[in-house]
Amino acid sequence: MTRAVPVWAAALATLIGGCQSVTTTAPGAIGVERRQSMLVSEQQVEQSAAQAYTAELTKAREQKQLNTDAAQLQRVRTIANRLIAQAPVFRADAANWQWQVNVQTSKDVNAYCMPGGRIMVYSGLIEQLKLTDAELATVVGHEIAHALREHSREAVSRAYAQQVGLGALGALAGLGSGSMQLAGMITNVTFSLPRSRLQETEADRIGLELMARAGYDPQAALSLWRKMAQLKQSSGSDFLSTHPSDASRLDDLEKLMPRALPLYQAAPRPAS
Ligand SMILES: [Zn+2]
């Protein structure tokens, strides 16, 4: 006699069966190589990120905070586009992403790139830290790197796995209930959940290579993170709460300069 498989066991098997080990990016000159475990598909995350980003744009527009300073927007887009042009070094499909770059008027020191290349830079980041173009390229390059490495998809996958581990089968229901719940998780990962130290290191390294290849002096990464650290002591930063930092970040970046500087020296310079 064949016994019926309990629903929860079937759901668990589906989930585990859907677990993939993937390589999101090529190693680049800087050498980031780590396979990642994913429980949700790139397509699911992509659709949910589109929803989450559209919601942020709508909110900002309603509050008259979206792209209010034309000169600042142009500056951010010029820098971001130079970095985006280098993204295919790490993954060829990034050339076909629907990249978006916007600026939100806010005192908060923050910036993000949601999955699929949906970038937002807060004016407070630029103004409070008095960023040079190369320092701004550091932050945007770091954010682009998180998206290229699909760190949000990885974080969502981990959250699902933990829920299953705790026996909360609601997580499984969530996988099938459309993309609303996943969009909420993408928002949570973007604004609340701290990145892991490992993800931070990868974003720093890939971001450093992107900026160097785009013609921005990689040594500006050091001054940017020093400015961030000073700000943290004086007033706190939303950016640092989701992108935790410590002294090892500067050490790691300094060690990578011999690999990044030749790329910068060989790169065409941005018009100033
Ligand atoms: Zn980060």
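Here, each number is a calculation from the coordinates, and none is a lab measurement. Note that this is a predicted model, so its numbers are computed, not measured. Note that we place each Cβ from the backbone using ideal geometry, even for glycine, and neighbour counts take in every protein chain shown.
Between the Cα long axis of helix 70-84 and the first principal axis of the chain there is an angle of about 70°, rounded to the nearest 10.
For a 24 Å ceiling on Cα separation, which of these pairs sit above it: Lys64/Lys107; Lys59/Lys107; Lys64/Lys232?
Working: Lys64/Lys107 14 Å; Lys59/Lys107 16 Å; Lys64/Lys232 28 Å.
Over 24 Å apart, Cα to Cα: Lys64/Lys232.
By how many nm would the segment from Asn96 to Ala247 grow when fully extended, if each residue of separation counts as 0.36 nm and the alpha-carbon distance is taken off? If you can, show how the numbers build up before the last one.
Values: separation 151, 0.36 × 151 = 54.36 nm, distance 3.64 nm.
Result for the pair: 50.7 nm of gain on full extension.
Could you list Lys59, Lys255, Lys232, Lys227 so that the one with the fewest beta carbons within 10 Å of its beta carbon is first and the one with the most is last? Could the numbers behind the result be given before it?
Details: Lys59 12, Lys255 9, Lys232 15, Lys227 18.
Ranked by crowding around the Cβ, least crowded first: Lys255, Lys59, Lys232, Lys227.
Between 0 and 90 degrees, the angle of helix 151-165 with respect to the longest Cα principal axis of the chain falls at about 30 degrees. Extension gain, Arg226 to Gln72: 0.36 nm times the residue separation minus the Cα-Cα distance gives 53.1 nm.
Counting only helical runs of four or more DSSP H residues, what would the 222 nm mean residue ellipticity of the chain come to if each run contributes -39,500 (n - 2.57) and the total is spread over all its residues? Intermediate results must be reported in sequence, preceding the final value.
Values: 12 runs with 160 residues, N = 272.
Calculated mean residue ellipticity at 222 nm is -19000 deg cm²/dmol.
How high is the relative contact order of the chain, in percent, counting Cα pairs under 8 Å that sit 6 or more residues apart? It would help to have the intermediate numbers written out before the result.
Details: 402 pairs, mean separation 57.5, N = 272.
Relative contact order comes out at 21 percent.
Counting Lys and Arg as +1 and Asp and Glu as -1, what is the net charge of the other residues whose Cβ lies under 11 Å from the Cβ of Ala29? That works out to +2. Quick one: helix 7-17 against the long Cα principal axis of the chain, what's the angle to the nearest 10°, folded into 0 to 90? The angle comes out near 40 degrees.
Its residues counted as N, the chain yields a C-alpha radius of gyration over 2.2 N^0.38 Å of 1.05.
Using DSSP to define loop residues, name the trypsin sites (Lys or Arg not before Pro) in region 67-99 whose beta-carbon has at most 13 other beta-carbon atoms within 10 Å. Numbers along the way, then the final one.
Working: sites: Arg75, Arg77, Arg82, Arg91; in loops: Arg91.
Those that pass, being in a loop and sparsely packed, number zero.
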